[in-house]
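Please read the structure below before turning to the comments.
The values are calculated or read from the model by the stated rules, or taken from the named source; none is laboratory data. Computed from a prediction, not measured in an experiment: that's the story for all the values here. The accessibility values were calculated without ligands, DNA or RNA, using every heavy atom of the protein model including side chains. Shrake-Rupley method; radii C 1.70, N 1.55, O 1.52, S 1.80 Å.
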Amino acid sequence: MKIEDLDFEDAQVWDMLSEGRVKGCFQIEGYLGKTWCQRLKPRNIVELAAVISLIRPGCVSAKVNGKTMTERYADRKAGTEDVDYMHESIEDILKETYGVIVYQEQAMQIAEKMAGFSLKEADNLRKAIGKKDAKLMGEVRSNFIRGSINKGIDESKAQEVFDIIQESQRYSFNKSHAVGYAQVTYWSAWLKRHYIDKYFKFWLRNSDDKQDTDTERHQLIMAAKIDGVEVVGPSIKYPFENFTKQEGKIFFGACNVKSVGKAHLDKYLKLISEWDRPLTWLELVTIILPNINKRSVENLIKVGFFSGLGKSRSSMLHEFSCVKQLTKVELTHLCEGVDEQNNQNTLLDHIKLFAAKGVKKDGGYISSVTRQLKVEEIISRLENPGRDLSDNPAMYAKMEEKLLGCSVTSSELDACAQASHADSTCVEVSDGKKGKCTIACVVKRVMEHTTKNDETMAFIAVEDNSGELEDIVIFPDVYSQHRDTIYNESTVLITGETKNSNRKSFIVDNIFSI
């Protein structure tokens with residue numbers, strides 16, 4: 001079946017869009033698209049076209065009596081505000097959009113109906129708004145008001161309608177354009193609903209094309225979690241260049257790690273291809289990895305590429321750092337003592353045996369006494385690292401955030417004992433959990449807002465290991481007490497509950513720093 005043959009009647013697709021699970025969906029994947037899909041809950045192409053048009057700058061910012069065109073459309077659709085067509089002569093033009101001027105064609109039709117504009121004059125109205133031509137706009141306005149008066153319409157009403165047209169139609173779509181976009185949006189959503197693993201793999205593979213790759217990957221991974229798709233770090237078991245699906249999960253590719261290029265991966269694959277079995281960490285660190293770019297190896301270790309080989313990431317970094325201080329000749333002779341039969345021995349054991357043979361003049365492999373002192377220094381570093389080489393979740397999170405664009409193994413919350421006081425996750429709340437909830441989370445976005453009473457409140461987005469939660473509201477009384485606690489990347493416990501309304505928001509009543 002061709003995607004163009006879809007009938008736009010898949011209820012599961014409309015459910016997904018109405019829930020705001022829109023990451024990757026054409027035209028609506030951003031914050032505005034997600035928010036207004038949740039609020040407007042489109043169930044057909046016409047309603048979806050309206051959503052796409054209503055999040056354009058004109059509708060989303062033009063206000064009449066303190067409310068934007070987008071908000072007015074939403075309230076009228078929900079039945080919480082009476083529909084007002086401004087004038088009975090244009091009711092048939094605005095009926096589909098609840099009395100709100102959404103499309104360019106509607107503005108042109110209103111000009112024809114109310115003011116008697118010709119098609120050319122109506123197109124001049126469109127041009128004046130689109131090009132922000134002040135001179136032409138002045139002429140069109142005068143003609144509109146004069147034409148409306150000639151048709152028996154009150155001058156103040158004509159001015160009101162024209163002002164709304166002028167404000168709401170900035171950067172607006174024509175309807176045919178919006179419907180065409182809506183069809184593509186539906187197709188992208190249909191693919192997401194029915195081929196979700198491939199969908200996320202595709203977008204992750206193309207995240208490098210985005211201006212901010214890290215942000216794009218982070219958003220995709222959070223969205224994947226919400227949709228039950230697990231994204232994990234790169235693995236030595238699947239040393240592919242780019243994102244790939246294995247074991248029901250999406251694995252990072254080695255080259256998706258910062259500072260790891262295709263040439264580095266190709267060299268690694270060539271070196272291990274000479275072996276007919278999986279290599280141990282001892283074999284890798286002595287025979288393979290010293291021959292590959294130092295930074296690329298370190299970054300692969302940091303994101304867990306070699307996990308599962310019986311070593312912590314910190315231990316691997318320490319041992320690799322020690323090995324890189326050996327000369328090529330010393331490494332060659334050290335490797336001669338490493339084989340499948342003695343893999344129970346440690347790197348320290350092997351270097352001690354190598355050093356015990358002494359310098360070259362005494363039949364050993366070390367070139368000089370100076371180099372022997374260096375090798376003994378390496379042994380000392382292996383015996384006494386001077387720091388704890390065990391790993392912790394906070395370390396994983398920081399390394400992965402920096403090198404992958406998103407932490408996939410754990411988060412800094414895992415290292416916070418206070419996080420155990422949480423009784424809910426972001427996904428549970430997003431899915432509609434009722435009553436008081438406590439969430440341990442990391443703050444990802446803070447948007448302050450000044451109320452009519454000149455008080456400051458905030459809208460925030462947070463995340464935990466389950467996913468992301470947006471539409472969190474902190475009213476002025478709570479925000480004033482905890483403002484210093486709420487900032488990007490802060491870890492907090494928030495308590496509150498979801499209020500039932502057209503736009504489900506989690507209302508915070510207390511905040512604790514952790």
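Observations
- Measuring nothing but protein heavy atoms, the accessible surface of the stretch 413-513 at 1.4 Å probe radius is 46 percent carbon and sulfur.
- Per residue, the chain exposes an accessible area of 48 Å² to a 1.4 Å probe, with every protein chain left in place.
- Radius of gyration, Dmax [the stretch 1-74; alpha carbons; angstrom]: 13.2, 49
- When each of 225/245; 225/436; 34/504; 237/302; 41/452; 398/444 is checked by Cα-Cα distance, pairs over 19 Å: 225/436; 41/452
- Computed from the Cα positions only, the extents of the stretch 195-383 along the three principal axes stand at 66, 33, 28 Å, in decreasing order.
- From the alpha carbon centroid of the stretch 188-218 to that of the stretch 67-100 is 36 Å.
- For the stretch 1-70, the relative contact order works out to 23 percent when only alpha carbon pairs closer than 8 Å and six or more residues apart are counted.
- 23 Å Cα-Cα reach of residue 328 towards lysines, excluding residues that sit fewer than 8 places from it in its own chain: 267, 270, 294, 352, 357, 360, 361, 374
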